[in-house]
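The structure appears below as structure tokens.
FYI, it's all coordinate maths here, none of it is from the lab. Everything numeric in this text was worked out from a predicted model, so none of it was measured. No Cβ is skipped: glycine too gets one built from the backbone with ideal geometry, and neighbour counts run over all protein chains shown.
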Amino acid sequence: PYYVDMNQNLFLQASLHSSDQNLTVFVDTCVASPNSSDFRTLVYELSKSGCASDSTYSLFPSPRSDVARFGFNAFSFANRFPSVFLRCELLVCRYHDFPSRCYQGCVSRVKRNADS
């Protein structure tokens, strides 16, 4: 466990462990839950589809393409429960494959009329 105070900045890093040097990693979605086995019922969304859902969520530059860095502030959701668990979905793409999802960044869905 990692113990934090309210409004404390949390910094996280995800890295690939692969012999393939031509890969990059992208943080797609991150959610917090008081239950380590249920990330659907009661969750707090930090990011979705590469877009920040929490105003304190930020991506940070990394010197390597196979490392993703991000952070956020401990939030009131964490204060209401004795433990909070994070689950993040990461995407792995070919390095410099610019049409890939990893290079698109924040993708918000556009609602369309059912007729179109």
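Helical content alone sets the calculated 222 nm signal of the chain at -500 deg cm²/dmol, taking -39,500 (n - 2.57) per DSSP H segment of four or more residues and averaging over every residue. Between ASP20, ASP97, ASP54, the residue with the greatest mean-square fluctuation in the GNM of the chain (Cα pairs under 10 Å linked by springs) is ASP20. Taking all Cα pairs closer than 8 Å and separated by 6 or more residues, the relative contact order of the range 9-96 comes to 43 percent. Along the chain, counting only chymotrypsin sites (Phe, Trp or Tyr not before Pro) with a DSSP assignment other than H, G, I, E or B and at most 12 other Cβ atoms inside a 10 Å radius, the longest segment between sites is 4-116. Of the trypsin sites (Lys or Arg not before Pro) found in the range 8-88, those that fall in a DSSP loop while having at most 14 other beta-carbon atoms within 10 Å are ARG40, ARG64, ARG80.
Roughly how big is the chain's charge dipole about its Cα centre, with Cβ charges of +1 (Lys, Arg) and -1 (Asp, Glu), in debye to the nearest 20? Before the final figure, lay out the partial values.
Values: 11 positive and 10 negative charges, 42 e Å.
So the magnitude is around 200 debye.
For the chain, would you read off the P(r) tail past 20 Å as a percentage of all alpha carbon pairs? Taking all Cα-Cα pairs of the chain, the fraction more than 20 Å apart is 48 percent.
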